[in-house]
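Undergrad: Please read through the structure below; I'll follow up with questions.
Every number here is computed from the coordinates shown, using simple stated rules; none is lab data. As the structure is a prediction and not an experimental result, all values here were calculated from the model. No Cβ is skipped: glycine too gets one built from the backbone with ideal geometry, and neighbour counts run over all protein chains shown.
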Amino acid sequence: MTRKILAAAGAVPALLALCIGVAPAASAGPVPTAQPRAAAAVPTTSPTVEYVYVPGGAATPCPSQYACVSVPYGAGYYVFKFIAYRTYTVSNWVGTGAFLNRQTGGAAARYDNAGGNQLGCVPADGQHHWINLTPVYRVRLTSTPC
């Protein structure tokens, strides 16, 4: 009789597993599961400017009269298009990107760190200037040349 009770007790977990779809725990310990990776924060500006996401390898769209910054993200990059003389705060700009100033009249595009110190100035020469975007905190468009 004792054997029948023990056999029945051993069958209970298996029967429960069939009923509710849960397998009994293995004696080897917990099974590791893949942890979801957090996506990188999307680059932004404040105030918001026109921007477009460009897949890797595509041409940088920067119209005449604008200063544009290509910020790497995922398998491509965001291209932010600045046109008004003012200061823009930027967030989540990480890595090396291209700064292209297509303004006219000697206008400059400057970029600063969080302490307000100017890191660099991009002249209106229509050339791609490769810069480290990680310390950039703001972009300023000015009428004063570099």
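Undergrad: Give me the number: length gained by fully extending residue 91 to residue 128, i.e. 0.36 nm times residue separation minus the C-alpha to C-alpha distance, one decimal in nm.
TA: Net length gain for the segment: 11.2 nm.
Undergrad: May I ask you to evaluate 6.51 cos²θ - 1.76 cosθ + 1.60, the Karplus curve with θ = phi - 60°, for each residue of the range 135-145 and list the ³J(HN,Hα) values in order in whole Hz, giving x for glycine and proline?
TA: The phi angles translate into x, 6, 10, 8, 10, 10, 9, 10, 7, 7, x Hz.
Undergrad: Also: Evaluate 2.2 N^0.38 Å with N set to the residue count of the range 81-134, then give the Cα radius of gyration divided by it.
TA: In units of the 2.2 N^0.38 Å rule of thumb, it is 1.11.
Undergrad: Given 0.36 nm per residue, what is the gain on full extension from residue 119 to residue 104 after removing their alpha carbon distance, in nm?
TA: Fully extending the segment from residue 119 to residue 104 adds 3.2 nm.
Undergrad: Between residue 48 and residue 65, with labels modelled 7 Å along Cα→Cβ, what's the label distance in nm to one decimal, could you check?
TA: Going from the residue 48 label point to the residue 65 one covers 2.2 nm.
Undergrad: Roughly how many debye, to the nearest 20, is the charge dipole of the range 44-142 about its Cα centre, given +1 on each Lys and Arg Cβ, -1 on each Asp and Glu Cβ, and no other charges? Walk me through the numbers before you get to the answer.
TA: Details: 6 positive and 3 negative charges, 31 e Å.
In total the dipole reaches around 140 debye.
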